[in-house]
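Some notes on the structure that comes next.
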Amino acid sequence: MIKLFRFLKPYTVLVLIGVLFLFAQAMAELYLPNLMSDIVNKGMMQGDTKYIMQVGVKMLIIALGSSACAIVSSFAAARLGVGFAKDLRNSVFEKVEGYSLHEFESIGTASLITRTTNDITQIQTVFIMGFRFILYSPIMCVGGVMMAMSKNKELSIILAVAIPVLLLVMVAMAGAVVPYFMKMQKKIDRLNLVLRESLTGIRVIRAFNKMSHEKERFHDANKDLTDTAIRVNKIMAAMQPIMMLVFNGTTIAIIWFGGLSIAKNQIEIGDMMAFMQYTMQILFSVIMVAVMFVMIPRAQASAVRINEIFDIKTEIKEPSTGAESENKQASVQFKNVTFSYPGSDESVLKNISFESKKGQITAIIGGTGSGKSTLINLIPRFYDATEGEILVDGMNVKDMKQSYLKSKIGFVPQGAILFSGTINENIKFGKKDATAEEIEKAARVAQAYDFISKMPDAFESPISQGGTNVSGGQKQRISIARAIVRRPEVYIFDDSLSALDFKTDALLRAALKQEIADATVLIVAQRITSVVDADQIIVLDEGEMVGIGTHDYLLENCEVYREIVSSQLSEEEIK
C-alpha cells in the first residue's frame with residue numbers, strides 16, 4: 001500500500017490541516033478528565049459551587065472546541081479519501097487504456113472492473129478511517145498513559161496487563177483473516193465474471209434454454225463468496241466480546257484497587273475517576289487501532305491487486321519523442337512482418353510483405369484462422385510485430401506517438417460496438433467537433449441515412465448499451481459512419497460488412513470509392529463479392545501470404561483463392 005502514497009502528494013496541505021486539528025482534538029479530550037478531577041476534589045468535596053461553575057464553563061468551552069476540531073478533521077479525512085480514490089481510479093483507467101490487447105486479456109475484464117471499483121473502495125475506506133484512527137489513537141494512547149501515570153503510578157500496572165492482552169488479540173485476529181481477504185477479492189472477480197457473462201450473453205442463454213445452468217453457475221460463485229465472507233466474519237465476531245471482556249475487566253480492577261487506595265487515603269475520588277477516564281481513552285484507542293488492523297489487511301490485499309496493474313510493463317512502448325510524417329502519403333506498407341502471440345511458439349503471421357498506396361483498396365481474404373484480423377490489428381498497434389516493419393506514411397509505427405498514429409486511422413472492428421447515447425453522439429465519437437453536415441454525409445456514405453431518418457428523433461434517437469435496440473446491419477453502418485466522419489488517411493474494415501445484404505454492401509463500396517481518393521482502404525472480408533473490385537487482394541493461408549493481385553489474376557494463379565471463390569460462386573458467376 002505504501003506504493004500508492006504517491007497519490008497523496010496533491011493533498012499535502014489537507015493532510016497537515018487534518019493532523020493539526022486531530023492533535024488539537026486529542027489534547028482537548030486529554031485535558032477534560034483532569035478538569036473533572038478538579039471539580040470532584042476541589043469543588044464537590046469542599047462544596048464550592050462557584051469553583052464548580054467556573055471549571056464547568058471551561059469544560060464546556062473545551063468540549064465545544066474539541067467537537068469543532070473533530071468536524072474539521074473528519075471533513076479533511078473525507079476529502080482526502082475521496083480525492084485519493086478519484087486520482088487512483090483515473091490513473092488505473094489511464095494505465096489500462098495503454099495496455100496492449102494481450103495485457104488487457106491477461107488480467108481479464110471482470111477482474112479489471114473489480115479492481116477499479118471494489119478494490120479502490122476498500123483502500124478509500126481505510127484511508128478515511130485510518131486518517132482519523134491511526135493518527136488520533138496513538139496520540140490518545142500515549143497521552144492517556146502519561147496522564148494516567150501522573151494521577152497514580154500503582155494503578156498504572158493494570159494498564160501494563162490490559163494493553164498487551166488487547167494487542168495480542170489484535171495481532172492474532174489480523175493473522176487469521178489476512179489470507180481470507182485475498183481470497184475474497186478473487187471470489188468477487190469470479191462473481192463479477194459470471195454475472196457479466198450472463199448479462200451480455202442473455203440472448204444466447206435464452207435461445208439454448210440454459211437459464212437453470214446459469215443460475216447454478218451464479219449460485220455456486222455467490223455461495224463460494226458467501227462462505228468465505230462468513231468465515232472471515234466469524235473470526236472478526238470473536239474480537240468484540242474478547243475486547244469487551246478486557247475492557248470491563250480493566251474497569252472492575254480499577255474500581256477494586258482504586259477503592260482500596262481511597263480507603264487508605266492514598267488517592268482521591270476525583271483522581272480515581274480521572275484515571276478511569278484515561279484508561280477508557282487508552283483502551284478505546286487500542287480498540288480503534290485493532291479495528292484498523294482488521295481492515296488494513298483487506299485494503300492491503302486490494303492494494304496488491306492495484307499495484308499489479310501499475311507494475312505490468314506494457315509491450316507497446318511509447319517513443320519519448322514521436323516523429324511525424326511531413327508527406328501525407330496515406331500508405332500502409334508491411335516489410336517481412338512476422339508475428340506470434342506472447343507465450344506462443346508458433347507464428348500467427350509469417351514474412352508478410354505488401355504495400356497499399358493512396359487511393360487503393362486492399363482486400364484481405366482467407367480461411368478461418370488464417371491471420372486476417374491479426375494482420376490489421378498490427379497497424380494501429382493493438383499488438384507489435386515480432387519481426388519486420390510496418391510503415392504508415394513511410395514511417396515505422398513504432399516511432400510514432402500512439403495518439404498521432406491513431407489519428408490517421410479510421411477503424412471499424414469485426415464486432416460493431418456502439419455506446420449508450422444518441423446516434424449523433426456515436427458518430428461524433430470518431431470526430432468530436434464534427435458538424436451536422438459532416439455527420440449526415442458520413443451516414444449517407446455508410447448507407448445509414450435512410451434508416452436513421454425514419455427513426456422518431458432521427459440522429460438524436462437513443463442507442464441503448466451495446467446497441468441492442470438496432471439490428472446487426474444497422475450497428476455496422478453506424479460504426480462505419482463513425483470511421484468515415486473523421487476522414488482518416490487509412491480506413492480499416494475488419495469483416496465489418498458481413499451483416500449487410502448484397503445490395504447495401506455494393507452501394508456502400510461504391511459510395512466509399514468516391515470518398516477515398518486521398519486515403520487507402522484495407523478490407524478484411526469473407527465474401528468474395530466484397531473484394532472482387534479491390535485494387536489488390538491478399539490471400540492468407542495459415543499465416544502465410546500465398547497470393548496477391550487482382551481478382552482475375554488470382555483466379556488464374558492462386559489455388560487457395562480459386563477454392564474460396566468456387567465455394568461461394570457458381571461456375572456461371574465466376575465466368
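The values are calculated or read from the model by the stated rules, or taken from the named source; none is laboratory data. Note that the structure is a prediction, hence the values are computed from the model and not measured. Virtual Cβ from ideal backbone geometry, glycine too; neighbours counted across all protein chains shown. The protein model used for the area step is the full one, side chains on, heavy atoms only, and it has no ligands, DNA or RNA in it. Shrake-Rupley method; radii C 1.70, N 1.55, O 1.52, S 1.80 Å.
Among all stretches of the chain without exposed chymotrypsin sites (Phe, Trp or Tyr not before Pro) (DSSP loop, at most 15 other Cβ atoms within 10 Å), which one is longest? By the stated rule (loop sites, at most 15 other Cβ atoms within 10 Å), 209-418.
Of the residues T520, T117, the one with the largest accessible area comes first in the ranking T117, T520, computed with a 1.4 Å probe on protein heavy atoms. About its Cα centre, the chain has a charge dipole of approximately 2580 debye under the convention of +1 per Lys or Arg Cβ and -1 per Asp or Glu Cβ, with nothing else charged.
Among the protein heavy atoms of region 449-546, carbon and sulfur supply 47% of the accessible surface, probe 1.4 Å, non-protein parts ignored.
Distant-in-sequence amide contacts of I267, defined by a placed amide H-H separation under 5 Å and a gap of 5 or more residues or a different chain, comprise I262. Extension gain, Q514 to Y341, is 58.6 nm, computed as 0.36 nm per intervening residue step minus the present C-alpha separation. Taking the C-alpha atoms only, the angle from helix 559-568 to the longest principal axis of the chain is near 90 degrees. Look at where the Cα atoms of region 484-559 and of region 267-309 average out, and the two centres are 68 Å apart. Rolling a 1.4 Å probe across the protein heavy atoms gives region 432-501 an accessible surface of 45 Å² per residue.
Using R₀ = 51 Å, calculate the FRET efficiency as 1/(1 + (r/R₀)^6) where r is the Cβ-Cβ separation of T49 and T121; round to 0.05. According to the calculation, E is roughly 0.40. Projecting the Cα atoms of V412, A434, I254 onto the charge dipole of the chain (Cβ charges, centred on the Cα centre) puts I254 farthest toward the positive pole. For L522, the residues whose amide H sits under 5 Å from its own are T362, Y491, I492, F493, ignoring neighbours fewer than 5 places away on the same chain, with H placed 1.01 Å from N. Per residue of the chain, the DSSP helices (runs of n ≥ 4 H) give a summed -39500 (n - 2.57) that works out to -20500 deg cm²/dmol at 222 nm. For S420, the amide hydrogen comes within under 5 Å of the amide hydrogens of G466, counting only partners 5 or more places away or on other chains and with H modelled in the peptide plane. 3J(HN,Hα) along region 57-65, derived from phi through the Karplus expression 6.51 cos²θ - 1.76 cosθ + 1.60 where θ = phi - 60°, amounts to 4, 4, 5, 5, 5, 5, 5, 5, x Hz, with x in place of Gly and Pro. Positive end of the charge dipole of the chain (Lys, Arg +1 and Asp, Glu -1 on Cβ, about the Cα centre): tell me which of M288, A221, A63 has its Cα farthest that way. Of M288, A221, A63, it is A63. Region 326-366 and region 147-177 have Cα centres lying 70 Å from one another. In order along region 384-397, phi translates into HN-Hα couplings of 9, 4, 6, 9, x, 10, 10, 10, 10, 6, x, 10, 5, 4 Hz, rounded to whole numbers, per the Karplus curve 6.51 cos²θ - 1.76 cosθ + 1.60 with θ = phi - 60° and x for Gly and Pro. The calculated Kirkwood hydrodynamic radius for the chain is 29.8 Å, given to one decimal from all distinct C-alpha pairs.
Using θ = phi - 60° in the Karplus curve 6.51 cos²θ - 1.76 cosθ + 1.60, the 3J(HN,Hα) couplings for region 209-224 round to 6, 10, 4, 5, 5, 5, 4, 5, 4, 5, 4, 5, 5, 5, 5, 4 Hz; x is entered for Gly and Pro.
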